[in-house]
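Scroll down for the structure; my scribbles are underneath it.
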Amino acid sequence: MTKDFKGGRGIFDIDLSVHEGEIFGLVGINGSGKTTMIRHLMGFLRPQHGRCQIMRRDCWQQAARLKNAIGYIPGEISFPEVGSGIDFFKLQAAYREARNMKRAEKLCERFNLDASANLRRMSKGMKQKTAIVTAFMSDPKILLLDEGTTGLDPLMQKVFTDLVKEERHRGKTVFMSSHMFDELENSCDRVAFLKNGHLIDIVELSQLRGNERVKEYKLGFANNQDFRSFLEHRFKVVARHDEHCQATIDIPDEDINELFRVLAVRNVSYITQKPQTLESYFKEKYNASEVAWS
Amino acid sequence: MISATLLKQTIRENFALWLVIALVQALLLVIMGLTVPNVAMTALTYYQLLPSILIGIYVIIIGNNLLSQQVDRGTMAYVLSTPIRRTSVSATQMVFFVGSLLLMFVLGAAAHIFAMNFSEAGITTEDVELILKLNIGLFTLALAFSGIVFCASSIFNLSKHTIAVGGGLVAAFLLLPIVAMFSEEFNWIKDLSIASLYDPMLLATGAEGFVWKFVVLAAIGIAAYGVGTVVFARRDLPL
C-alpha cells in the first residue's frame with residue numbers, strides 16, 4: 001500500500017505480510033513511517049493505493065469489528081479525563097463490554113504499577129505502563145505496539161520483552177515498532193527496516209543470531225613481529241590498531257581452519273568473535289540502499 | 001448505534017459547563033417570571049439577546065470538546081481502539097449535544113412558567129404559549145449553531161481550527177444583528193445572519209410566519225450534523 005503525505009513523507013509501496021503467531025518488528029528512524037503503518041492497521045488512516053488486512057478483514061472498512069481482536073499501544077499516549085489509572089482501565093473495559101479486571105491487576109503487579117494514582121500526576125514511565133496494561137488486559141489475539149517501551153527503565157523494558165515473548169508462546173501475533181535495534185533483536189522473529197517510508201529489507205533473526213556465514217573476529221598479538229607476519233596472510237582486515245597489535249577480520253566459516261593454522265605458530269594474546277547485531281546488519285544496508293529522499 | 005459508555009464519559013466531561021449555563025438561564029427566567037408580568041416584555045428584554053450569547057459560548061466550547069479536541073489531544077485513539085464504530089462515536093456525541101441543549105430549554109421554559117405562577121399577575125394560556133414558542137425558537141437556533149460547530153469539529157484535527165471556523169461562524173452570526181442595530185442604513189446586515197430567523201420581537205407580537213423560520217434553523221442544524229458525521233467516518237485521523 002501507499003500513503004503519500006507529500007513532501008517525501010508517508011509510506012510507499014509497502015508489501016508485507018505477518019504470519020500468525022510471530023513477533024514482527026518494524027525499525028527505522030523517526031519519520032520513517034512506522035507509526036503511519038500502524039495507524040493504517042488500526043483503521044485510522046486509509047491507504048491511497050492498495051490495502052491492508054488483518055485476519056482477511058479490511059483494516060479500514062472493518063476497523064471497529066477488528067478491534068475485538070486487537071490490543072494497541074499508541075505512539076503518543078494521551079489519556080482522557082477519568083481520574084485514576086484504575087478508572088481508565090474500567091472505562092476501556094466498559095467500551096469492550098468486559099468486566100473482569102483480573103488480568104489488568106496481574107499486569108499492574110508485573111509492571112509494579114500503582115494504578116490508583118491520578119493519570120495527570122503520573123510520570124512518563126507510569127503512563128507508558130498504564131498504556132501497556134491497557135493494550136494487554138483484554139487478552140487480544142493481535143498486538144499492535146507503537147514504540148511500546150518509550151520511557152521505561154531497562155528493568156521494565158525486560159519485563160515488557162518477556163511479556164511479549166510469553167504472549168507469542170500463547171499463540172498471539174505481535175507487530176511492534178521501535179527505533180532501538182536491540183529491543184527488537186531480543187524479541188522478534190522477523191524485523192523489517194523502514195527508511196523514508198520505503199521497506200528496505202526484512203530479516204529473519206534466526207539467520208542473524210550467530211548463523212551468518214561470514215563472521216567477524218578481533219585478534220590481539222603479543223608482539224609486533226607476530227602481528228606483522230599475521231597481516232601478510234590474505235585475511236580480510238576490516239579494522240586494525242597497530243599500536244595495540246590488534247586486527248579485526250571478516251572470515252567465512254570454510255576458511256576458519258586456515259586461520260587457526262596461521263595463529264598456531266604465533267603468540268596470540270586474545271581472540272573474540274563479534275556477533276553480528278541487527279544494528280550492524282542494517283547499518284550496512286542503510287548505506288548501500290538506493291532509496292533517497294524523493 | 002450509540003455507545004452508552006461513551007455517552008456516560010461525555011456527560012462526565014461536559015456536565016459542569018452545561019450546569020452553569022442551564023442554571024444561569026433558569027435563574028434569570030425565574031427572576032423574570034416573578035417580576036415581569038408580561039411575557040412579551042421578557043421576550044424583548046431577556047429572550048432577545050442573552051440566551052443566544054450563552055448558547056454561542058456553550059456550543060463553541062462543547063462542540064470542540066466532543067470530537068476535535070479529542071483528536072487533537074490523541075485521546076480519541078483510546079475510544080477508537082475499542083470495537084466502537086466512528087459513526088457510533090459521532091452519533092453518541094450528537095445525542096449528547098442535542099439532548100443537553102433540549103434539556104436546557106425545557107428547564108428554561110419550565111422555570112419561566114413555574115415562576116410566573118407565583119407572580120402577582122399570574123399566568124395565562126397565551127403566556128404559556130409564547131414562552132413555549134420562544135424556547136422552541138431558541139432550541140432550533142441552538143440546533144443550527146451546535147450543528148455548525150459539530151461539523152467543524154468533525155472536519156478539523158486541531159482545536160484551534162475548529163474554534164476559528166465553527167466558532168467564528170457562530171460569533172459572526174451573533175454579531176451581525178448587533179452591528180445592524182447601529183444604524184438604519186446597516187439594517188440589511190442582520191439578514192445575513194441565520195440568528196435573525198429567531199425573532200422574539202416578532203413572536204411577541206403574535207404574528208404568524210415564524211414556523212418556517214424555525215424549520216429552516218432546524219434544517220441547517222440537521223444538515224450540518226449529517227455532513228459532520230459522514231466526514232468524521234471517512235477521513236484520516238492522526239491518532
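The values are calculated or read from the model by the stated rules, or taken from the named source; none is laboratory data. On a predicted model such as this, the values are computed, not experimentally measured, just so you know. Positions of Cβ are generated from backbone atoms using ideal geometry, with glycine treated the same way; all protein chains shown enter the neighbour counts. What goes into the accessible areas is simple: the full protein's heavy atoms, side chains included, and nothing from ligands, DNA or RNA. Shrake-Rupley method; radii C 1.70, N 1.55, O 1.52, S 1.80 Å.
Here is how the numbers come out for the structure above:
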| read-out | value |
| --- | --- |
| DSSP bridge pairs, the protein assembly as shown: antiparallel proportion in percent, nearest 5 | 60 |
| Stokes-Einstein translational diffusion, segment A:1-90 - Kirkwood Rh over all Cα pairs, 1.002 mPa s, 20 °C, in µm²/s | 144 |
| With Cα atoms, 0 to 90° folded angle of helix B:168-180 axis to chain B main axis | 20 |
| Peptide A:79-86 - average C-beta neighbours from other chains (10 Å radius) | 3 |
| Where labels lie 7 Å past Cα in the beta-carbon direction, separation of A:Val265 and A:Asp58 in nm | 7.3 |
| Rg/Rg_ref, the protein assembly as shown, where Rg_ref = 2.2 N^0.38 Å and atoms are Cα | 1.38 |
| Solvent-accessible area per residue, Å², over segment A:214-275 with all protein chains present [probe radius 1.4 Å] | 63 |
| Rough spin-label spacing in nm, given labels placed 7 Å along Cα→Cβ, for B:Ala16 and B:Ser119 | 3.5 |
| Lysines whose Cα lies under 30 Å from that of B:Lys190, excluding same-chain neighbours fewer than 8 positions away | B:Lys133, B:Lys160, B:Lys213 |
| Computed P(r) (all Cα pairs; segment A:214-275; 5 Å bins; percent) | 4, 18, 35, 29, 11, 2, 0 |
| Taking all pairs of distinct alpha-carbon atoms in segment B:4-234, Kirkwood radius in angstrom | 18.4 |
| Exposed-site-free run, longest, chain B (rule: GluC sites (Glu not before Pro); DSSP loop; at most 16 other C-beta within 10 Å) | B:1-119 |
| Angle between chain B longest axis and helix B:211-234 axis [Cα atoms, degrees, rounded to 10] | 10 |
| Span from the segment B:28-53 Cα centroid across to the segment A:252-279 one, whole angstrom | 95 |
| Viscosity 1.002 mPa s, 20 °C: Kirkwood-radius Stokes-Einstein D of segment B:116-239 over Cα pairs, µm²/s | 131 |
| Dipole moment magnitude, nearest 20 debye, chain A about Cα centre, only Lys, Arg, Asp, Glu C-beta charged | 1140 |
| Charge dipole (the protein assembly as shown, unit charges on Cβ, about Cα centre) - positive-most of A:Thr35, A:Ile86, B:Met94 | A:Ile86 |
| Percent accessible area from carbon and sulfur atoms, the protein assembly as shown, protein chains only, probe 1.4 Å | 57 |
| D (Stokes-Einstein, µm²/s), Kirkwood Cα radius, segment B:3-43, 1.306 mPa s at 10 °C | 130 |
| Computed over chain A, the ratio Rg/Rh where both radii use C-alpha atoms and Rh is Kirkwood | 1.09 |
| Where labels lie 7 Å past Cα in the beta-carbon direction, separation of B:Val95 and A:Asp114 in nm | 3.9 |
| Shielding by partners, peptide B:229-239 (average Cβ within 10 angstrom, other chains) | 3 |
| Estimated FRET transfer efficiency when R0 is 51 angstrom, pair A:Asp153-A:Thr2 (beta carbons, to 0.05) | 0.85 |
| Relative packing of A:253-266, A:126-139, which averages over residues the other C-beta atoms within 10 Å, highest first | A:126-139, A:253-266 |
